[in-house]
Amino acid sequence: MTASTAPAGKGPAGKGSHRQHQVDPLAPLRTPDDPPWDVYLTGTVFLDIIFTGLDSAPVRGTESWARGMGSSPGGVANMATALARLGLRTSLAAAFGDDHYGDYCWDALEHGEGIDLSSSRTVPGWHSPVTVSMAYEGERTMVSHGHEPPPEEPAPECPPRARAAVASLAPGVSAPWIAEAASKGTRVFGDVGWDDTGAWDLAGLPDLRHCEAFLPNAEEAMRYTGADCPRAAAHALTAYVPLAVVTLGADGAYAVDRRTGETAEVPAIAVEALDPTGAGDVFVAGFVAGTLADWPLADRLAFAGLTAALSVQEFGGSLSAPGWSEIAAWWRKVQSVEGQSPAALERYGFLAGLVSEEWVRPWPLRRAVPTIGFRRSA
């Protein structure tokens with residue numbers, strides 16, 4: 001396995017980016033006839049405001065003080081940023097408010113991360129959706145506010161050509177762009193949220209039939225299949241989709257590929273979580289990257305779990321996503337720990353062909369900031 005670096009401005013991902021270098025995990029596979037984008041996605045961008053360091057959940061009638069705070073683009077921006085930081089040429093279609101929050105999110109994604117926003121739009125008179133996330137005891141509570149953008153903003157029913165797309169499936173909802181993308185050869189990776197209807201009916205996810213992979217968590221997988229354990233649920237899901245990946249929380253992840261009969265299970269990496277916001281999105285991004293790079297199934301699971309584990313050690317959803325410099329630093333560190341399990345090191349040995357042992361951070365990654373809108377000094 002090999003990877004390469006390329007200066008910003010070379011190819012679609014570099015346009016408008018402040019980054020100097022980027023690792024391309026797909027370098028050995030690229031040809032002149034490739035689609036312009038590795039991954040396409042669409043959805044709602046939120047401004048996330050995250051409070052961390054709370055001693056407990058907020059109590060009614062009292063005031064709670066948080067020891068940490070961060071702001072960053074959220075919603076679909078979590079996934080888009082995670083994909084881009086792993087070197088995938090990422091195109092996002094989203095509506096942005098014409099307020100300061102919208103300007104901040106647009107700048108952070110386009111100029112800060114090199115994400116293509118040519119299919120996105122700024123909607124006049126529409127204010128940006130906002131989510132306040134409170135992290136405590138390893139969990140989080142969120143409060144969101146926003147208004148629906150005009151239905152024509154943006155218009156994702158004609159997605160650009162891309163190797164892959166990430167689609168958020170919703171009960172009873174069919175998004176025409178998913179079928180359109182799949183018909184053009186785009187590999188669709190579907191994730192899903194909690195079914196508030198309580199139906200938990202896979203027939204109610206009409207776009208699942210267009211997906212190559214489906215990535216629910218353990219509780220979602222069991223509810224959708226009626227299975228009594230997440231591994232059995234993963235096998236049951238392969239009756240609907242070729243590749244089922246079920247995240248198991250602290251126990252890692254389990255995957256079944258119906259096409260090859262292959263199964264894989266990889267334990268989670270134990271870390272002290274600062275903020276779990278966006279960890280699921282980062283996991284999906286890591287798995288997509290490994291799949292497009294044609295890695296073995298177990299390597300894809302291990303890489304996805306590693307990127308998610310690294311992300312929860314930073315504030316925020318999108319800007320907590322790790323880049324290759326963080327991955328390289330982690331790989332160097334675990335190899336230097338005395339008494340490290342040889343089997344555990346072997347599990348991540350595939351990283352040796354991807355990262356340089358002498359790597360210097362290629363650019364300073366943006367992180368969530370406490371306050372946006374500070375005036376810049378002259």
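The values are calculated or read from the model by the stated rules, or taken from the named source; none is laboratory data. All values reported here derive from a predicted model rather than from experimental measurement. For neighbour counting, all protein chains shown are included, and Cβ atoms are generated from backbone atoms with ideal geometry for every residue, glycine included. Ligands, DNA and RNA are stripped out before the accessible areas are found, and what is left, the full protein with its side chains, is counted by its heavy atoms. Shrake-Rupley method; radii C 1.70, N 1.55, O 1.52, S 1.80 Å.
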Exercise for review: Would you check if there is a residue in region 71-93 being among the small types (G, A, S), in a strand (DSSP E or B) and closer than 20 Å to E326 by Cα?
Suggested key: yes
Exercise for review: Go through region 286-300 and give me each residue that's touching a strand residue (DSSP E or B) at 6+ places or on another chain (Cβ under 6 Å) and either within 13 Å of D257 (Cβ to Cβ) or of a type in the set (K, R) (or both).
Suggested key: L297, A298
Practice item. Determine whether region 79-92 contains at least one residue that is open to solvent by 30 Å² or more (accessible area, probe 1.4 Å) and free of Cβ contacts under 8 Å to residues at least 60 places away in the same chain. Key: no
Check your understanding: Is it true that S118 is open to solvent by 40 Å² or more (accessible area, probe 1.4 Å) and either out of contact with any Asp or Glu (no Cβ under 6 Å at 6 or more places or on another chain) or at pLDDT below 95 (or both)?
Key -> yes
Exercise for review: Could you check, for region 303-316, whether at least one of its residues is over 18 Å from L345 (Cα atoms) and in contact with a strand residue (DSSP E or B) (Cβ under 8 Å, 6 or more places away or on another chain)?
Suggested key: yes
Review point. In region 293-337, how many are within 26 Å of S133 (Cα to Cα), open to solvent by less than 30 Å² (accessible area, probe 1.4 Å) and in a loop (DSSP other than H, G, I, E, B)?
Key: 6
Check your understanding: If a residue has to be open to solvent by less than 20 Å² (accessible area, probe 1.4 Å) and under 14 Å from A253 (Cα atoms) to count, how many in region 219-242 make the cut?
Key -> 4
Check your understanding: Which residues, taken from region 192-218, are open to solvent by 30 Å² or more (accessible area, probe 1.4 Å) and assigned to a helix (DSSP H, G or I)?
Key -> A203, P206, R209, H210
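Here are D55, D99, D103: which of them is over 26 Å from A328 (Cβ atoms), among the acidic types (D, E) and in contact (Cβ under 8 Å) with a residue 60 or more places away in the chain?
On the way: D99 fails: in contact (Cβ under 8 Å) with a residue 60 or more places away in the chain; D103 fails: in contact (Cβ under 8 Å) with a residue 60 or more places away in the chain.
D55 is the lone residue from the list that is over 26 Å from A328 (Cβ atoms), among the acidic types (D, E) and in contact (Cβ under 8 Å) with a residue 60 or more places away in the chain.
If we scan region 137-150, do we find a residue that is touching a Lys or Arg at 6+ places or on another chain (Cβ under 8 Å) and either farther than 24 Å from V312 by Cα or of a type in the set (F, W, Y) (or both)? Walk me through how you get there before you give the answer.
Filtering region 137-150 for residues touching a Lys or Arg at 6+ places or on another chain (Cβ under 8 Å) gives none.
No - not one qualifying residue is present in region 137-150.
Mind telling me which of the residues V282, V246 ends up being of a type in the set (V, I, T), buried (at least 19 other Cβ atoms within 10 Å of the Cβ) and in a strand (DSSP E or B)? I'd like the intermediate steps shown before the answer.
Numbers: V282 fails: in a strand (DSSP E or B).
Sole residue among the options that is of a type in the set (V, I, T), buried (at least 19 other Cβ atoms within 10 Å of the Cβ) and in a strand (DSSP E or B): V246.
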Check your understanding: Name the residues in region 249-268 that are touching an Asp or Glu at 6+ places or on another chain (Cβ under 9 Å), modelled with pLDDT of 95 or more and open to solvent by 20 Å² or more (accessible area, probe 1.4 Å), would you?
Key -> Y254, T263, E265
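Output the strands (runs of 3 or more DSSP E) that fall wholly within region 19-70 and possess 2 or more residues being over 22 Å from the mean Cα position of the chain (by Cα) and hydroxyl-bearing (S, T, Y), or say none.
Values: elements: 21-24, 37-42, 45-52.
Answer list for region 19-70: none.
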Exercise for review: Output the qualifying pairs, or none if there are none: Cβ atoms under 6 angstrom, residues six or more apart or on different chains, first residue in region 322-343 and in contact (Cβ under 8 Å) with a residue 24 or more places away in the chain, second residue of a type in the set (K, R) and exposed (fewer than 15 other Cβ atoms within 10 Å of the Cβ).
Suggested key: S325/R361
